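Here's the structure, in structure tokens; my notes come after.
The values are calculated or read from the model by the stated rules, or taken from the named source; none is laboratory data. In this text, all values refer to a predicted model and were calculated from it rather than measured experimentally. Here the Cβ positions follow ideal geometry from the backbone for every residue, glycine too, while neighbour counts run over all protein chains shown.
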Amino acid sequence: MTSRLLLAAALLLTAAAVAAAPNYEGRKKCGSCHRSQLESWEKTAHAKAMDSLAPKAKAEAKKKAKLDPNKDYRQDADCVGCHSTGFNHEGGFDPKEPSKYLAGVGCENCHGPGSEYRLQHRKAGQAFEKKKQTTARQQLAEAGQEFQFEERCASCHLNYEGSPWKGAKKPHTPFTPKVDKKYGFDYAKAVRNDKAMHEHFKLEDVFTGLPVPPFREEFQSKARPAVKGKEE
């Protein structure tokens, strides 16, 4: 009887943990407030990542990587994970029912699944607007927001056989520095490339304390004012 009770309790705890895990929501929710960032991102290569898997797209690059340039890779599970948002995770991209808001390498690929921390952003923004009350940034981290992006970038750009990145595992990307030097990945350089990421805009000091990305101060010193969106 005791063992059954313990098993039941363990199952309940597991179910609660799964239920509490943040889900992917797609960039429409993010862009409803961060309009300038979204519009800047839409011009990047990451925004068009899924398009590159279509037949005849990037044909020469595919030939170099020994892929069939006439094949449609948009349904290939070995490919879509690095060309979409949240593939194989709750709320993430599903090739069978593709959402345009999850196609491409979007906000949550870097910042983490947003169902929980997006609500924190909304509440904190309202408190700051009404009372100039700030919120501890640690609350965002606890709600699933990512502040150290390098591993997330490496999981696609450095996920090839023989990679110096220790986390590399199958399915490996066929686009390696041996195929073309341009596939060599320098995180510090890439994160500063507005054509790859998005332009950075002035952020109000709604959140305080750690954690913060190591390059936040640098980006904010050069940032332009943003066009504010409205939460739906």
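Numbers below:
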read-out: Yes/no for Ala49 being under 16 Å from the mean Cα position of the chain (by Cα), under 13 Å from Ala103 (Cα atoms) and small (Gly, Ala, Ser); value: yes
read-out: Residue within region 100-117 that is farther than 15 Å from Gly31 by Cα and exposed (fewer than 15 other Cβ atoms within 10 Å of the Cβ) present; value: no
read-out: Test: residue in region 38-47 that is in a loop (DSSP other than H, G, I, E, B), crowded, with 16+ Cβ neighbours inside 10 Å and touching a helix residue (DSSP H, G or I) at 6+ places or on another chain (Cβ under 9 Å); value: yes
read-out: Residues that are under 30 Å from Tyr183 (Cβ atoms), outside any loop (DSSP other than H, G, I, E, B) and basic (Lys, Arg), drawn from region 112-169; value: Arg152
read-out: Unique residue being surrounded by 13 or more Cβ atoms within 10 Å (Cβ to Cβ), out of contact with any Lys or Arg (no Cβ under 6 Å at 6 or more places or on another chain) and assigned to a helix (DSSP H, G or I) when the list is Cys33, Cys79; value: Cys79
read-out: Residue check for Leu53: modelled with pLDDT of 95 or more, over 28 Å from Gln138 (Cβ atoms) and surrounded by 19 or more Cβ atoms within 10 Å (Cβ to Cβ); value: yes
read-out: Filter result (more than 16 Å from the chain's Cα centre (by Cα), surrounded by 14 or more Cβ atoms within 10 Å (Cβ to Cβ) and outside any loop (DSSP other than H, G, I, E, B)) within region 170-205; value: Tyr183, Phe201
read-out: Residue list for region 83-111, restricted to those being over 16 Å from His34 (Cβ atoms), assigned to a loop (DSSP other than H, G, I, E, B) and among the hydroxyl-bearing types (Ser, Thr, Tyr); value: Ser99
